[in-house]
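Read-outs: derived from the displayed coordinates by stated rules, not from any lab. No experiment lies behind these values; they were computed from the predicted model shown. When we count neighbours, we look across all protein chains shown, and the Cβ atoms used for this are built from the backbone with ideal geometry, even at glycine.
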Amino acid sequence: MIKLTIKYFLTPEGFDCFPMWFDEVKKAVSLQPGFVTIQHYQEQGNPVVVLIFENSDKLNQWAETNVHDALYERIADHFLKPLEVVKEETIN
């Protein structure tokens, strides 16, 4: 398994639209081969997304889709600073 933890630093407008954006991401990514789970929480007032795929290849295939790119562009318009991303292998 591969776990991706992504911390977002968003404008107030981005923070307001995050829940709806996340629902769209969840709907799209859940259709991808190798998808395991996605969740989000807040850390120090910033949204954090945890995404798990079966392996790196499946995660990379998702990251290369047009749907992923379009969703990323929509939220990137609201970045205060770049994302913090941690990628780790998990055992299961």
Summing -39500 (n - 2.57) over every DSSP H run of at least 4 in the chain, dividing by its residue total and rounding to the nearest 500, the 222 nm mean residue ellipticity is -12500 deg cm²/dmol
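Please state the relative contact order of the chain as a whole percent: Cα pairs under 8 Å, 6+ residues apart?
Details: 132 pairs, mean separation 47.0, N = 92.
51 percent.
Just in the chain: which GluC sites (Glu not before Pro) are loop by DSSP and have at most 13 other Cβ atoms within 10 Å?
Passing sites in the chain are GLU64.
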Can you run phi through the Karplus equation (6.51, -1.76, 1.60; θ = phi - 60°) for the range 12-22 and list ³J(HN,Hα) in whole Hz, with x for Gly and Pro?
x, 5, x, 4, 5, 8, 4, x, 5, 4, 4
Pairs beyond 18 Å (Cα-Cα), from LYS3/LYS58; LYS3/LYS26; LYS7/LYS81; LYS7/LYS87; LYS26/LYS81:
LYS26/LYS81
Per residue of the range 70-84, what does 6.51 cos²θ - 1.76 cosθ + 1.60 with θ = phi - 60° give for ³J(HN,Hα)? Whole Hz please, x for Gly and Pro, Karplus curve as stated.
5, 5, 4, 4, 5, 7, 4, 4, 10, 6, 8, 7, x, 4, 10
